[in-house]
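Before any comments, here is the structure.
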């Protein structure tokens with residue numbers, strides 16, 4: 001289990017850690033980070049470091065996440081008095097706070113209009129733009145959220161976070177082509193992010209299953225992306241999980257080779273296939289075995305609580321176990 | 001077997017208290033003061049307008065596509081390349097599409113460039129003024145004093161560095177004059193400032209002179225024509241030889257895991 005730490009970004013912490021973090025609020029809030037002395041003397045006695053405010057910000061998010069609204073309010077007030085109410089980041093944080101406290105759609109609608117007003121004054125505030133998308137999402141207006149994100153990305157096309165979000169929105173709507181495109185943009189910004197590779201693979205895998213029989217080219221692309229994710233991080237649970245699923249789906253399709261061969265030729269003539277042939281059946285079988293073996297190893301070592309193997313999320317390990325059990329090949 | 005004669009000069013111990021220490025303290029305080037003066041004089045960087053952000057980041061996207069093209073499958077890469085190249089050539093992302101092909105205006109008449117120059121001037125002033133004052137002060141009051149003796153021998157080449165303002169030819173190099181002590185502190189106090197003010201302080205002149213050269217070297221400096229940048233990026237994309245990192249990845253993975 002990674003140590004709960006207020007300096008790590010809030011997005012990547014599981015709920016239990018978030019709770020542990022938000023419980024650190026009272027001691028932090030009891031100490032004042034800025035000195036109460038008048039100006040020139042306060043410079044000498046201040047205990048303020050750049051980390052102080054990162055801690056405050058993350059504490060704010062952790063508190064909101066765990067429903068500790070009072071602490072969040074205090075942290076927000078503190079940040080506001082330090083950086084001023086007009087600071088871009090503070091405006092965003094205040095927006096997050098209001099969103100978290102909003103009870104019904106009418107209140108969200110009001111927050112949305114506030115965002116619109118801020119953006120009319122300063123159209124370059126990308127953090128508020130993102131909040132606006134988030135509000136649209138919670139209002140259930142997915143199409144509007146997609147439009148808003150497209151506008152944002154038109155103006156800032158190197159924003160990986162926004163591309164990933166847009167990909168997610170498209171995937172919810174079942175627009176797999178667009179979702180894959182957006183996720184590939186994320187890869188262009190961060191070519192070695194194994195999680196992004198796994199996400200691309202997942203999208204390809206899901207899109208393959210929308211037509212029956214599942215398309216071989218999408219499945220093999222999915223398989224390759226999972227393989228790449230594992231090449232970058234060889235203990236990536238989700239990668240093995242996906243590799244197993246993708247290879248299992250591919251084996252029957254590749255097995256009846258003559259038919260798929262002619263199908264491939266037809267596809268090649270139509271020109272809609274990638275110019276890279278699908279992987280060999282032998283290779284896919286070996287990949288499937290490899291994934292099964294590795295998943296079993298992870299489950300076994302996680303349950304035994306072995307050192308160095310306990311960093312996985314419990315849910316993911318359980319899911320892996322279930323997949324193995326369904327397969328009936330658990331080695332114990 | 002005569003030992004070389006060790007020069008001894010009887011110095012008034014008050015020299016230490018009334019010259020060496022004051023110069024050092026004054027130099028440190030000026031550095032600290034300069035740091036705060038620079039912080040106050042700094043203008044907040046002007047906000048970029050939306051079209052400019054778009055222009056900059058679109059170019060960056062092209063660079064990203066070129067550098068990381070190997071994560072894309074061939075068909076996907078070709079589609080993107082076709083789109084980006086045509087958009088770049090048409091100047092779709094330019095902040096100022098009308099200004100295409102026109103020569104760049106004189107930087108002197110551009111208010112944004114003027115602002116940068118003003119910042120530079122301010123930095124120079126904050127450096128020059130105290131330096132001139134202190135130099136004058138030391139010259140007026142302390143010139144010609146020999147204030148300390150280094151505890152180690154040195155070669156005669158250091159004479160001009162350590163004994164400026166003292167015009168004696170035969171004085172041992174180990175003796176340091178007051179004016180030289182000023183220069184030594186002027187250039188050697190950076191670690192002290194780092195300790196007092198943190199590592200990115202504006203106290204040292206050396207760091208400032210470096211800083212003045214840097215911004216002009218930025219990728220999208222005001223003197224560069226964005227249209228030219230887009231055109232050259234389009235050309236770079238055109239000639240790029242594409243390969244797919246995912247080709248044969250399954251065999252690589254098996255080989256890696258087997259070993």
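Scanning segment A:293-313 for residues that are within 26 Å of the chain's Cα centre (by Cα) and either closer than 18 Å to residue B:252 by Cα or facing another protein chain (nearest Cβ under 10 Å) (or both) turns up just one, A:294.
Filter segment B:200-211 for residues that are buried (at least 18 other Cβ atoms within 10 Å of the Cβ) and either in a helix (DSSP H, G or I) or modelled with pLDDT of 85 or more (or both) and give the result. Listed by number, the list holds a single entry, B:205.
Yes/no per residue for (1) surrounded by fewer than 20 Cβ atoms within 10 Å (Cβ to Cβ); (2) touching a residue at least 40 places away in the same chain (Cβ under 8 Å); (3) touching a helix residue (DSSP H, G or I) at 6+ places or on another chain (Cβ under 9 Å); (4) not in a helix (DSSP H, G or I):
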site	(1), (2), (3), (4)
A:145	no, no, yes, no
A:149	no, no, yes, no
A:154	yes, no, yes, no
A:157	no, no, yes, yes
A:165	no, no, yes, no
A:170	no, no, yes, no
A:184	no, no, yes, no
A:188	no, no, yes, no
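This table checks each residue for (1) modelled with pLDDT of 85 or more; (2) within 11 Å of chain A (Cβ to nearest Cβ); (3) assigned to a loop (DSSP other than H, G, I, E, B).
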{"site": "B:75", "(1), (2), (3)": "yes, yes, no"}
{"site": "B:84", "(1), (2), (3)": "yes, yes, no"}
{"site": "B:88", "(1), (2), (3)": "yes, no, no"}
{"site": "B:98", "(1), (2), (3)": "no, no, no"}
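Can you spot a residue in segment A:88-99 that is farther than 20 Å from residue A:64 by Cα, under 19 Å from the mean Cα position of the chain (by Cα), touching a residue at least 24 places away in the same chain (Cβ under 8 Å) and outside any loop (DSSP other than H, G, I, E, B)? Looking through segment A:88-99, none of the residues is farther than 20 Å from residue A:64 by Cα, under 19 Å from the mean Cα position of the chain (by Cα), touching a residue at least 24 places away in the same chain (Cβ under 8 Å) and outside any loop (DSSP other than H, G, I, E, B). Does segment B:212-232 include one or more residues that are part of a helix (DSSP H, G or I), within 14 Å of chain A (Cβ to nearest Cβ) and at pLDDT below 85? No, that holds for no residue. Is it the case, given these coordinates, that residue B:180 is within 32 Å of the chain's Cα centre (by Cα) and either at positive phi or not in a loop (DSSP other than H, G, I, E, B) (or both)? The answer is yes for residue B:180.
In this structure, residue A:122 does satisfy being more than 24 Å from the chain's Cα centre (by Cα) and closer than 27 Å to residue A:147 by Cβ. Kindly indicate whether any position in segment B:30-48 is more than 9 Å from chain A (Cβ to nearest Cβ), in contact (Cβ under 8 Å) with a residue 60 or more places away in the chain and within 30 Å of residue B:243 (Cα to Cα). No, the conditions are met nowhere in segment B:30-48. Annotation: of all residues in segment A:46-56 being in contact (Cβ under 8 Å) with a residue 40 or more places away in the chain and more than 11 Å from residue A:21 (Cβ to Cβ), the one that is surrounded by the fewest Cβ atoms within 10 Å (Cβ to Cβ) is A:51. Residues in segment B:142-177 that are part of a helix (DSSP H, G or I) and either touching a residue at least 12 places away in the same chain (Cβ under 8 Å) or surrounded by 11 or more Cβ atoms within 10 Å (Cβ to Cβ) (or both): 6 in all. Across segment A:2-19, the number of residues qualifying as exposed (fewer than 15 other Cβ atoms within 10 Å of the Cβ) and at pLDDT 65 or above comes to 5.
For segment A:203-240, give me each residue that is within 21 Å of residue A:312 (Cα to Cα), more than 13 Å from chain B (Cβ to nearest Cβ) and buried (at least 22 other Cβ atoms within 10 Å of the Cβ). The answer is A:238, and nothing else. I need the full set of residues from segment B:236-259 which are exposed (fewer than 14 other Cβ atoms within 10 Å of the Cβ) and at the interface with chain A (Cβ under 9 Å from one of its Cβ atoms), in order please. Result: B:256, B:258.
The values are calculated or read from the model by the stated rules, or taken from the named source; none is laboratory data. Keep in mind that what you see is a predicted model, and the values were worked out from it rather than measured. Ideal geometry is used to build each Cβ from the backbone, glycine not excepted, and the neighbour counts take in all protein chains shown.
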